Amino acid sequence: MVEGKKMRLGRGLDHLIASGMPQTVPNNVTTITPNLIEIYGEVRELAIDQIIPNAKQARRKFDEKAIQELADSIAAQGLLQPIIVCPTPNGYFSIVAGERRFRAMQILGKSSITAKVVNISEADCAIISLIENLQRESLNPIEEAWGFLRLVDEFGLTQEQIAQKVGKARTTIANALRLLHLEKEALNCLELGKITVGHAKVLLGLEDPTTRLLLLEKIITADLNVRQTERQANILKLGKPTPMPSNPRELSESLMKIEKQIAQQLAANVSLQHGSTHGKIIIEYNGEQELLRIVQSMGIE
């Protein structure tokens, strides 16, 4: 689904939950796909202290400033969408979707919150939570990868099944899971945004963990872009860099800055090859959905 110039998996989970349904029909999840999640449930006002966060949800870090801004918005306009919860065996309600809204209501000192109570399996709970976060484009690459791994390990889904449920190519799922093979130092840097997925893919191309950590240090200390990282990786693997094309020359500092700005604008790996009479801008993408996102960010419908 495309809105304006920005592609999303959908319009948000609450838009995906079919409206106009009976308010109470227990134990029934009709459909879970990227385009439709039909859940029967009951909208209720629950005490805040009856609700517990989902300890196994994909998101591991919360932006406290963003939650405060959400709290300010709720204080001014009210809670526009109920959170979604499911009952637990010990009498509490576990959050399926809407933990940021729940935390914002806690900041405001609210004693209760509007929630849609649904009766679904733990597997469906995990899938819906992951889909909602993916739709909001709010997970970092490692959180996303751990979310996919949980669907594989705990619920026995194949990569193909995960791809169908979250609306991504199977290769995207495979590449995300492959990131978890990196050392913890690299995972931390990727999670904190110190390196990109493009950097991580280059690191994964090196078999020796010690060599990967050496290259990781070079990426951080020298602020290497992905193309420079690839050249350093080849130096480490072969003892010499991959030859550059004969016409393009090494980039000046100003051209490297342009290359980096293009990459940031498109949120993609970009390689600028500049020669005296001609040059190339190479944009990397993984799968058709990422290609659509990139061209739409260029203003191309």
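A simple count of charges around ALA71, restricted to other residues whose Cβ falls under 14 Å of its Cβ and scoring Lys, Arg +1 and Asp, Glu -1, yields 0.
Taking other C-beta atoms within 10 Å as the exposure proxy, THR114, THR158 rank THR158, THR114 from fewest upward. The three principal axes of the Cα atoms in the range 247-301 give end-to-end lengths of 34, 19, 19 Å, sorted in falling order.
The alpha carbon radius of gyration of the range 194-243, expressed as a multiple of 2.2 N^0.38 Å, is 0.99. Could you list MET105, MET298, MET256 so that the one with the fewest beta carbons within 10 Å of its beta carbon is first and the one with the most is last? Final ranking by Cβ density, sparse to dense: MET298, MET256, MET105.
Quick one: length gained pulling PHE155 to ASP223 fully straight, 0.36 nm per residue minus the C-alpha distance? Difference between extended and current length: 20.5 nm.
Do the alpha carbons of any pairs in LYS65/LYS280; LYS201/LYS280; LYS65/LYS184 sit beyond 30 Å of each other, and which pairs? In this structure, LYS65/LYS280 lie more than 30 Å apart at Cα.
Dividing the mean sequence gap of close Cα pairs (under 8 Å, 6+ apart) by how many residues the range 247-301 holds gives a relative contact order of 31 percent.
Here the 3J(HN,Hα) profile of the range 100-108, calculated from phi with Karplus coefficients 6.51, -1.76 and 1.60 at θ = phi - 60°, is 5, 5, 4, 5, 5, 5, 5, 4, 6 Hz, Gly and Pro shown as x.
Readers should treat all values here as calculations from the given coordinates under stated rules, not as data from a laboratory. Quantities reported herein were computed from a predicted structural model and do not represent experimental measurements. Cβ sites come from the backbone with ideal geometry, for glycine too, and all protein chains shown count toward neighbours.
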